[in-house]
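Read-outs throughout are calculated quantities, based only on the coordinates presented, and are distinct from any laboratory measurement. Quantities reported herein were computed from a predicted structural model and do not represent experimental measurements. Because the Cβ atoms are built from the backbone with ideal geometry, glycine has one as well, and the counts that use them run over all protein chains shown.
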Amino acid sequence: MADRGREGTLRQVALWRATGRLSEETAEQLTGGLLSLLERGVCLTVRELALSGGDLLALGAVPGPQVGRLQRALLEGVWAGHAANTRASLGPLARALLKEETLLP
């Protein structure tokens, strides 16, 4: 989902349904679940994170691939429920990830 975005993900489900890769029932369940997530404002892409790449640089991230890795780790943290998609919640998580140096090139 992270690389397809909201509309792209829904289009992919529709394509799988049309080509028979998903049953009607499964496609409806998946679409319903995705729409529920969207209504709740769940972040699906790094572009939707409350912290931008510039914010991460200000926190000490190194320009380049490290910023992308950090964004993906933050997105996964939101999905896993480790942090809310807010600046107040993501800032400490980003600082912790940088401090642990788990994302250094």
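Full extension of the chain between E25 and E48 yields a length gain of 5.3 nm, computed as 0.36 nm times the residue separation minus the alpha carbon distance. The modelled label-to-label distance for the pair A73/R6, using points 7 Å beyond Cα in the direction of Cβ, is 2.8 nm. Using R0 = 22 Å, the C-beta based FRET efficiency linking A14 and H82 works out to 0.10.
So if I place +1 on the C-beta of Lys and Arg and -1 on the C-beta of Asp and Glu, and nothing else carries charge, what would the dipole magnitude of segment 14-79 be about its Cα centre? I want it in debye, nearest 20.
Numbers: 6 positive and 7 negative charges, 52 e Å.
Dipole size: approximately 260 debye.
For the chain, complete DSSP H runs whose alpha carbons reach 18 Å or more along their own long axis and whose mean Kyte-Doolittle score is -0.5 or higher are 24-39, 65-79, 87-100.
Counting Lys and Arg as +1 and Asp and Glu as -1 over every other residue whose Cβ lies under 12 Å from the Cβ of L38, the net charge comes to -1.
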